[in-house]
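Okay, structure first, notes after.
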Amino acid sequence: MPTLFRLTAPEPHTDVGDALRSFVFAANLLSQDLTGDPALSTTAEAVAQTLRGSSETATTIYLLSEAETQTQDLLDPPGFALGFVQISEPLRADADTLDFQIILNAELQPLPDEEPDEEVQSIMLELFDAAASHAKRSGRSVLHTWLAREDEHKTMAWLSRTLHAKGFQAKLQETHGWIEVSAVPQPLPLDSGLRAEFIQDFQFPEHLIPGVASILSIADTDVPHGGLSTQPGPWDDTRIATIGQELRDRGNQSLGVVLLQGNEVIGYSEVVRYCTGDLSIAWQGITVLQEHARGQGLGMAIKQLLFEALRQHMPEVRRVCSEIAVDNSRMLAINERLGFRAHTTWTALEGQVL
Ligand SMILES: CC(C)(COP(=O)(O)OP(=O)(O)OC[C@H]1O[C@@H](n2cnc3c(N)ncnc32)[C@H](O)[C@@H]1OP(=O)(O)O)[C@@H](O)C(=O)NCCC(=O)NCCS
């Protein structure tokens, strides 16, 4: 009988261990098969950081080992790692929800056009059971997972069928892709009455904080979630300050644009860059406008301002990765005009544990 181990987080500046290295290798192989883009690879240090946790998310990785022994929490469990399940639990919102991602050891991952054999299927089922048991223990009843290329990747197709048979349903589709920073046109001057403030590393001046907290709450409800269950959490100065502190403590960077009409915050858009990844890549965070400011071209204006600021403040960044719900016609139209090139469509499945 294989044994399930929970990986402990490596201490900063210590060796991450073979188990985590093998997880990263497996995750990158799967990502390469699904997206075809090596730039989306993760690193051992990035995973170690997520395992250490943040005020927003708790991350757990279980490793299923061939070793027949007692289960324990370990940095480097014994035996051959058959596969992993990575679990993320939001802490400030979505208190009922848990995200899981099943990843087979790189040596066991079938080629995209190969059917998963019985051994692979039983490993994946055990890893799913580990996620479901974790959810029950932590009092979370809603499970989410993301799949891609189910039409061509036979293991993804098998997982999709298996989860559907367990009652999971597709609830949201997102297109992921890139915008080349240099291709984004210069921003036009803003109409009179409007102005922009640029924010580095989530350090908002005090006068902006109530307006920013309010617009982040609007984003939580208005960014399309398809049919996924969500329970937004409140935004306040403490939450904003904590996120900023954690971002800076980890050595990551962010750049945001706050759009103001008079003293009212009417829009916000941001990108984040992780020091543990490829420094020529940044990740688009939210873009949101107050409802009364929509439909006037300001979504385009705020993105152009953000990309211009990126060229000035993070000149090494060449591409920005964006993730957009396939039915978000406005955001897709804006991104297409900025040169967005899609690489993968992901589907979120949702199921329940009772
Ligand atoms: C997404 C958002 C920032 C867009 O900003 P906006 O200024 O309202 O966008 P616009 O109304 O200027 O529309 C943008 C483009 O979409 C087009 N568009 C508008 N409605 C459309 C529709 N139903 N179908 C197709 N295109 C549409 C517009 O014509 C415009 O294209 P154009 O500039 O070539 O004419 C804003 O609507 C918003 O805050 N939405 C809620 C949060 C959100 O979804 N954020 C994005 C998460 S990834």
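Quick one: dipole size for segment 257-354, taken about the Cα centre, charges +1 on Lys/Arg Cβ and -1 on Asp/Glu Cβ, in debye to the nearest 20. Using Cβ point charges on Lys, Arg, Asp and Glu, segment 257-354 gives about 320 debye. Segment Met1..Asp15, full-extension length gain: 2.1 nm, with 0.36 nm per residue of separation and the alpha-carbon distance subtracted. Positive-end ranking of Pro2, Gln352, Ala325 along the dipole of the chain, with charges on Cβ about the Cα centre, is headed by Ala325. Probing with 1.4 Å while keeping every protein chain in the model, the per residue accessible area of segment 179-344 equals 48 Å². Sites listed here are GluC sites (Glu not before Pro) in segment 112-196 whose DSSP assignment is loop and whose Cβ has at most 13 other Cβ atoms within 10 Å: Glu114, Glu152.
Under a model in which nothing but the beta-carbon of Lys, Arg (+1) and Asp, Glu (-1) is charged, the chain shows a dipole of about 900 debye around its Cα centre. Per residue, the accessible area of segment 3-166 comes to 44 Å² when a 1.4 Å probe rolls over the protein heavy atoms. Counting only heavy atoms of the protein chains and using a 1.4 Å probe, Lys154 has close to 80 Å² of accessible surface. Of all lysines in the structure, those lying under 24 Å Cα to Cα from Lys154, and not within fewer than 8 positions of it along the same chain, are Lys166, Lys171. For a Förster distance of 22 Å, can you work out the FRET efficiency between the beta-carbons of His292 and Ser329, rounded to the nearest 0.05? The value I calculate is 0.70.
Each of Val272, Val257 has its accessible area taken with a 1.4 Å probe; listed largest first, they run Val272, Val257. Subtracting the Cα-Cα distance of Thr242 and Arg195 from their residue separation scaled by 0.36 nm leaves 14.2 nm. Of the residues Pro234, Val212, Pro189, the one whose Cα sits farthest toward the positive end of the charge dipole of the chain, with +1 on the Cβ of Lys and Arg and -1 on the Cβ of Asp and Glu, is Pro189.
Cβ-Cβ distance of Arg52 and Leu354, R₀ of 41 Å, FRET efficiency by 1/(1 + (r/R0)^6): the value works out to about 0.85. Counting heavy atoms of the protein chains alone, Arg341 has an accessible area of about 140 Å² for a 1.4 Å probe.
Only protein heavy atoms count here; under a 1.4 Å probe, Tyr62 has an accessible surface of about 10 Å².
Think of each Lys and Arg Cβ as +1 and each Asp and Glu Cβ as -1; about the Cα centre, that makes the dipole of segment 275-328 roughly 160 debye. Our helix-only sum for the chain, with -39,500 (n - 2.57) per DSSP H run of n ≥ 4 divided by its residues, gives a mean residue ellipticity at 222 nm of -10000 deg cm²/dmol.
Accessible area of the chain with a 1.4 Å probe: how many percent of it is carbon plus sulfur?
50 percent
The values are calculated or read from the model by the stated rules, or taken from the named source; none is laboratory data. Since this is a predicted model, take the numbers as computed values, not measurements. Because the Cβ atoms are built from the backbone with ideal geometry, glycine has one as well, and the counts that use them run over all protein chains shown. Just the protein is used for accessible areas: all its heavy atoms, side chains included, with ligands, DNA and RNA removed. Shrake-Rupley method; radii C 1.70, N 1.55, O 1.52, S 1.80 Å.
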